[in-house]
Structure formats: structure tokens, C-alpha cells
């Protein structure tokens, strides 16, 4: 039996009936909170007990906190409609439901990506306090990085699911096989292929956080000051910069390749903000630029604001230099990071 492409019964650890009547889901952040469910509800308590793992699973599969919250809402409705007395392991049941709902959504949105204006980047999210599950290893933190989530878009949905379940949550292949209705050997092969795809574009060793901070701060300062030689000393010759304005804010529609083009692109951003009067003049002074260091996606980044505009900026480091730059200015993707609505972020203040 299926509902929306996700088996309602049987699933791992459950033999109960299908979904029941709608009930508000658990949530946190803008527009929702723990008060959106009845704290005395056994079903709510069970879901909340596993919420960090489930939210982290859905977010890593989708790259969108908004979509991940929607998946958790639907999973909660299905959980309410299940004979929970017949569920031996709620975490395994909920993991399977969340994974399958997320994969259905992942497959459905591929067509819409073809009409997305420019580069699609994951939604940056604050990660202090581990709301997306444990981040007690470099590899687990890496599965939340914007760079990794961007790369995961290249994988097939099954490859992505196996990689996330095994790498971020250390689930054994036997359990992953139950979640995906595949054999353990098939899951091992999917993991092998996923790692091979990702290894081609990932540095072998993660950068030291202090080195990332130095390079990120230096990059912003040099771009703000119009220091092209300074930028060239920080950015690799083969670096790439991605920017996502979502059609709401002006951004490069295509990736920017090479240190020289990246340097000119970011210096141009500040000049367009009205920081100089002549194209060849150095950029000086704060000019109402707001720069806030923030932790998002398990790494240090910068939230930069100018007037009503805001964007999130982070970098990936390869061999001591900046290898990738990620800039997200789409207002709809900055709600969780700024605490402001998309309308507030997308209109003059």
C-alpha cells in the first residue's frame, strides 16, 4: 500500500494502518515552534525525541530547511495514523518514512530546477546547538556544508540517500537496505559510487577552521577594498564562485571560474553598492556595510548586509587557498539565518 509514493505499511518496525487525520507537526524556527504540537501527546514526544536526526536527514537529502520541515510535518501525520503499539523501533520507522518522502520530493523537483534562474544553492541554516543531529566528527560536519550539499545534487536520489544515511548517521547497510527496499550489497555499491563521484571535487583533507576564517575574512576585506592583487593571493587559479539570487536579487546566472574573474566579480559587487564613483577608484570605508560572523552549515560564514539586501558568504579551502566561493542572496533562502521574512529581505527598508 502506498500514499504519495511512500509505503504506509509495511515499513521497518511497523505493521499498522495508514495515515490518520491531520494534526499540526513538531517544529522550530520562524513560524513554528515546540508549541505547535501537544506536549502531552505520546506521538509528539516520540517524534520530538528523534527530531534532530530526522530533520538532519531530510535537510541533507533536500538542501532546504523549508522542504525538510514539510517532510517532517507529513511524517508526523503518518506517525499519528500508525498503530504505534506495533512499532518496535520508532526511530527506524520514522527514518524510513522521512527518507522516502524526501526522495519523492527530490525526484519531483528536478523538473523545476530546469527553470530556476541561475545556479541553485542549498539553503544556509544555523547549526549551533546541533539541531540537525550530532556533528562530532569532521566527516559528519562536512555532510552539512554548503559545498557538500551542492555536490550531492549531482548524485542520483538512491546514491544520495545511502551516502547520507551511512556517512552522516552511520546506519549499517542492513538497515539502509530496509529503508530503501534494496539489498545490503546494492547499498554498498551505491555508497561506493557516491564516494567516487564526490571525491573528484572535494579536497582530501578538511581545512583548519582558523585557516578558513583567515581566508574568508581576508577575501571579504580585499573585495571590499578593491584589492585585486590581494584577492589573487587568496584565490586559487582554478577556483569557482557560485551565487544564488533566485531571480529575486541580482546574481551571476552562471558559475564564475578563475581567480581573476572571481576577484573582479566580487570587487564589482561592492562598486555596484555605490561604494565608489569611478570604476578605477579604490573602494574605501564601511558605507553602511554590515558584516556579521555566523555559524551556518557547521562552519563559519559571514552574513553581509547593505541597506535592505543581505547575503550569506562562505568559502571552501583547498591546499591553503580558496577553491570555491558560495554566495546566497535569494531572500527565500535567508529566512532561517536572518530571522526575517523573505518579503522583508527582498524589498527596500
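Using R0 = 25 Å, the C-beta based FRET efficiency linking residue 201 and residue 271 works out to 0.20.
Extending 7 Å from Cα along the Cβ direction at residue 113 and again at residue 186 yields two label points whose distance is 2.2 nm. In terms of its C-alpha gyration tensor, the stretch 75-230 comes out prolate, because a/c is 1.5 or above and the ratio a/b outweighs b/c. Cβ-to-Cβ counts within 10 Å put 192, 150, 197 in ascending order as 192, 197, 150, the fewest first. When you count the other C-beta atoms within 10 angstrom of each residue and take the mean per peptide, 120-130, 179-189, 94-104 line up highest first as 94-104, 120-130, 179-189. Judged by the gyration tensor of its Cα atoms, with axes a ≥ b ≥ c, the stretch 79-169 is oblate; a/c meets the 1.5 cut and b/c is at least as large as a/b.
Starting from the Cα gyration tensor of the stretch 194-254, take the square roots of the eigenvalues, sort them a ≥ b ≥ c, and report rounded, prolate or oblate (rounded when a/c is under 1.5, otherwise prolate if a/b is larger than b/c, else oblate). Note, shape of the stretch 194-254 comes out oblate. The value of relative contact order for the stretch 93-174, using C-alpha pairs under 8 Å at least six residues apart, is 32 percent.
Peptides 301-312, 131-142 ranked from most to least packed by the mean count of surrounding Cβ atoms within 10 Å: 301-312, 131-142.
The numbers here are math on the coordinates, done by the rules we state, and not lab data. What you are looking at is a predicted structure, and each value in this text was computed from that prediction instead of being measured. Reconstructed Cβ throughout: ideal geometry from the backbone, glycine too, with neighbour counts over all protein chains shown.
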